[in-house]
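Single-structure report; data block below.
The values are calculated or read from the model by the stated rules, or taken from the named source; none is laboratory data. Just so you know, these numbers come straight off a predicted model, no measurement behind them. Cβ coordinates were reconstructed from backbone atoms using ideal geometry, including for glycine residues, and neighbour counts include every protein chain displayed.
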Amino acid sequence: MISYKDIFNLFEELLLEITDEELREKTIETWVEGCRQGGWQTVEELHQIPFTLLTDACGISFIEHTIAVTRGAMGLLDAQINVYSKMPYTVNRDILIAGGILHDVGKLLEIEPDGKGGYQKSYSGKIARHPISGTVLAAQCGLTGPILNTIAAHAKEGDGRPRSLETVLIHQADFATFDPLVLKKSNMLLD
């Protein structure tokens, strides 16, 4: 069974940047609960999950993707803070980091082993995509408002819906890691 300590160790550097201790705890608890509900037993299993089933993930794991998206969103925020003479909006860095760690947590319910060494969409994943299942999971663990927005609206489910700035940054970082793989698979990625 995947423990609190396992999840803390996976995301330690990022989690330690969250200054709101309750938010940090609930972020970890959401991952632990997602692992429990999804049937994931070991950290090694988590490292094997591909970050997407929609295209060739080129060996990039779900854990690597989650860290890259979170760091990418933080980088987008830092670029604006360091360049703009005056920030035209506010960003809650704790929500940005927690939202990045949690944006795809619903994939713990959406993806399952296919029994042949690969992965497939689970029954749960066929009923509701990961932005929906992840939002429900996070709400079950006591997370609210802005964090739920980052999970629910980070992908196409957020199109045309209100988004927090944290959600916008996570969305952009997420697609900056996904779109190149889609282009690569269709031979549209320029060298």
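Can residue 136 be described as aliphatic (A, V, I, L, M) and more than 13 Å from the chain's Cα centre (by Cα)?
yes
So residue 154 ticks every box in (1) in contact (Cβ under 8 Å) with a residue 60 or more places away in the chain; (2) closer than 19 Å to residue 57 by Cβ but one. Which box is left unticked?
(1)
Name the single residue, out of those in segment 63-111 being modelled with pLDDT under 95 and of a type in the set (Ser, Thr, Tyr), that is nearest to residue 146 (Cα to Cα).
It comes out as 90.
Name the single residue, out of those in segment 51-83 being among the polar types (S, T, N, Q) and in a helix (DSSP H, G or I), that is farthest from residue 40 (Cα to Cα).
My answer is 82.
Of the conditions (1) closer than 29 Å to residue 44 by Cα; (2) among the hydrophobic types (A, V, I, L, M, F, W, C); (3) modelled with pLDDT of 95 or more, residue 181 clears all except one; give me its number.
(3)
Tell me which residues, restricted to segment 90-115, are surrounded by fewer than 24 Cβ atoms within 10 Å (Cβ to Cβ), β-branched (Val, Ile, Thr) and touching a Leu at 6+ places or on another chain (Cβ under 7 Å).
Selection gives 91 alone.
Filter the helices (runs of 4 or more DSSP H) completely within segment 129-191 down to those with at least 3 residues that are of a type in the set (D, E, K, R) and farther than 17 Å from residue 109 by Cβ.
165-185
Say we look at segment 46-63 and pick out the residues that are of a type outside the set (Val, Ile, Thr) and touching a Phe, Trp or Tyr at 6+ places or on another chain (Cβ under 7 Å); which of these is nearest to residue 36 (Cα to Cα)?
Applying the filter and picking the extreme gives 46.
I'd like the full set of residues that are surrounded by 14 or more Cβ atoms within 10 Å (Cβ to Cβ) and under 15 Å from the mean Cα position of the chain (by Cα), limited to segment 34-53.
34, 35, 46, 49, 50, 51, 52, 53
Restricting attention to segment 39-97, and to residues there that are out of contact with any helix residue (DSSP H, G or I) (no Cβ under 7 Å at 6 or more places or on another chain) and of a type in the set (Asp, Glu), which single residue is farthest from residue 115 (Cα to Cα)?
Selected residue: 78.
Within segment 131-163, track down each residue that is out of contact with any Pro (no Cβ under 8 Å at 6 or more places or on another chain), more than 14 Å from residue 95 (Cβ to Cβ), surrounded by fewer than 24 Cβ atoms within 10 Å (Cβ to Cβ) and small (Gly, Ala, Ser).
139, 142, 160
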